[in-house]
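The values are calculated or read from the model by the stated rules, or taken from the named source; none is laboratory data. From a predicted model like this one, the values you see are computed outputs, not experimental measurements. Cβ coordinates were reconstructed from backbone atoms using ideal geometry, including for glycine residues, and neighbour counts include every protein chain displayed. When the accessible area is computed, the model is the full protein with side chains, heavy atoms only, and any ligands, DNA or RNA have been set aside. Shrake-Rupley method; radii C 1.70, N 1.55, O 1.52, S 1.80 Å.
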Amino acid sequence: MLSYRHSFHAGNHADVVKHIVQSLILDALKQKDKPFVYHDTHSGVGRYDLQDERSEKTGEFKQGIARIWSRDDIPAEIASYIDAIKALNDSDELRYYPGSPRVARAQLREQDRMVLTELHPSDFPLLLQEFRGDRQVRMYKEDAFLRLKGSLPPKERRGVVLIDPPYELKHEYMDVVNAIADSYKRWATGTYAIWYPVVYRENIDKMLKGLEKSGIRKVLQIELGVEPDTTERGMTASGMIVINPPWKLESQMKAILPWLQQAIAPTHGHHKIEWIVPE
């Protein structure tokens, strides 16, 4: 099932949280000169036009990046994330928003590389076009988890895997758990960043329990909600589950999330940071 198109949702509150956490992880990896790999399992197209009819139809970015873009009190901790957006926009007008591959590419050094997978028949050609000729980027139109399995452990032995499937089907939550369990056996020292949407809280609870049962240590949960949980369908929150997070990430997000909640969802928002499994 490949109906999901991220262009309808680019720059929404879930993207903001995901890409801030992603940027902070990459910031941490860059503290050492040794090369690292960035592996993106569900890459999308790389960049999104917020004036595109799909983006305009939902207007989700207006409740996401648009609410922080022009603020004059943006925390210094998210400078890399903001810089990645500025790199795509020639002026103060916010028109283009980077997908996770473009957020990562803005931080890659000469010694680093990216592995991108995208299976959607309409999105993959756009991804190819976005990074064509870039020698630090490898792109594959393959099943995300099969490519991940074949790529671990990476030759650099350092890096991060971003996993953010569309979760169109209920079993995808446990597919992620199984993929992480298998990947961890191959590369236990890597950082794994799993994005999740809160549509039905029970799905997230099951995913977290699955990770707990896997025996994996150092599992941190970061979440921003814009509405209280409900039994009705609809994304009320989103978050990141980070395995082997950089040591500063917890304190950084504790500083950022209250500001982010106030900017994006001051009335009904909530946030949390907690260890699902400690070290």
Below 19 Å, Cα to Cα, which lysines can LYS32 reach? Residues fewer than 8 away in the same chain don't count. LYS155, LYS248
Note, region 89-96: 3J(HN,Hα) by Karplus (6.51, -1.76, 1.60, θ = phi - 60°), whole Hz, Gly/Pro = x, goes 10, 6, 9, 6, 6, 8, 10, 10
Span-rule helices in the chain, defined as complete DSSP H runs reaching 24 Å or more along the axis (Cα) with Kyte mean at least 0.5: 13-29
Measure off, as a whole percent, the carbon and sulfur share of the 1.4 Å-probe accessible area of the chain, all protein chains present. 48
What relative contact order, as a whole-number percentage, does region 62-155 give when Cα pairs under 8 Å and 6 or more residues apart are counted? 21
Taking only the alpha-carbon atoms of region 1-158, what semi-axes of the equivalent ellipsoid follow from 5 times the gyration tensor eigenvalues under a square root, in whole Å, largest first? 25, 21, 13
Suppose we keep just the DSSP beta bridges with both residues in the chain; what percent of those would be antiparallel, to 5? 60
Residue list for region 52-67, given a label point 7 angstrom along the Cα-to-Cβ vector of ASP90 and an amide N cut-off under 16 Å: none
Sorted list, accessible surface of protein heavy atoms, 1.4 Å probe, largest first, for TRP247, TRP275, TRP195, TRP187 is TRP247, TRP275, TRP195, TRP187
For the chain, what is the accessible area per residue in Å², given a 1.4 Å probe and the full set of protein chains? 46
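Under the rule of -39500 (n - 2.57) per DSSP H run of 4 or more residues, summed and divided by the residues of the chain, what mean residue ellipticity at 222 nm is obtained, to the nearest 500 deg cm²/dmol?
Calculated mean residue ellipticity at 222 nm is -10500 deg cm²/dmol.
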If amide hydrogens are placed 1.01 Å from N in the peptide plane, which non-local residues have theirs closer than 5 Å to the one on ILE276? VAL219, LEU220, GLN221
Report Rg(Cα)/(2.2 N^0.38 Å) for the chain, keeping two decimals. 0.93
Relative contact order of the chain, defined on C-alpha pairs under 8 angstrom at six or more residues apart (%): 21
Under 19 Å from a point 7 Å along the Cα-to-Cβ line of TRP275: which residues of region 215-246 have their amide N that close? 215-223, 240-246
Output for region 67-127 (equivalent-ellipsoid semi-axes, sqrt of 5λ from the C-alpha gyration tensor, Å, descending) is 25, 16, 10
In region 164-263, GluC sites (Glu not before Pro) in a DSSP loop with at most 11 other beta-carbon atoms within 10 Å: GLU168, GLU232
